[in-house]
1. Using a Förster distance of 35 Å, how high is the FRET efficiency between R42 and T14, based on the Cβ-Cβ distance and rounded to 0.05?
2. In terms of modelled amide H atoms, which long-range or inter-chain residues lie less than 5 Å from the amide H of K93?
3. Taking a threshold of 28 Å on the Cα-Cα distance, which of the pairs K5/K57; K59/K127; K15/K36; K69/K127 fall above it?
4. Share of segment 13-62's accessible area from carbon and sulfur, percent, 1.4 Å?
Amino acid sequence: MQVVKEQIMRALTTKPSSLDQFKSKLQNLSYTEILKIRQSERMNQEDFQSRPILELKEKIQPEILELIKQQRLNRLVEGTCFRKLNSRRRQDKFWYCRLSPNHKVLHYGDLEESPQGEVPHDSLQDKLPVADIKAVVTGKDCPHMKEKGALKQNKLIPNYESLGDLMILGKFCHL
């Protein structure tokens, strides 16, 4: 029964445009053909689970994770332009947020129009020390998500109430 299911699934992945094409795909995927495909996939999977591959993966994983961390920090230092949402959900203004080169402060501020390239730190009026951020809440955990039912938004919450919440909402502007 599993072979029949696999025949059907593999035939459907080719997205046949007619029933005749579907039938011909099924005929090409005979029982022996499915067994050959399974054997080939098993062999490929075993290659990736071999001892030398696992040792190499273990050896380079810290370097890869460090590279990913550096790329993410570099992107934060570059900064990003966001569309500013008002109470009516209009997106006619912009704001920019970027991390300082020493990674200690988030600089952000309003912009009248989408910037061409990076925005200098000194032109961004507001600052938020990274040390004062007590939580980063994303997705369905954001309070405004529960209220509005929107999807995949982000929110940064500073440690002190006098500043209030810094909300980073919406899609990125293209720079």
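The values are calculated or read from the model by the stated rules, or taken from the named source; none is laboratory data. Given the structure is predicted, the values throughout are model-derived calculations rather than measurements. We place every Cβ from the backbone using ideal geometry, glycine too, and count neighbours over all the protein chains shown. Accessible surface is based on the protein model in full, side chains and every heavy atom, while ligands, DNA and RNA are left aside. Shrake-Rupley method; radii C 1.70, N 1.55, O 1.52, S 1.80 Å.
1. Calculated transfer efficiency: 0.95.
2. It is K84, by chain and number.
3. K5/K57; K59/K127
4. C and S fraction of accessible area: 54 percent.
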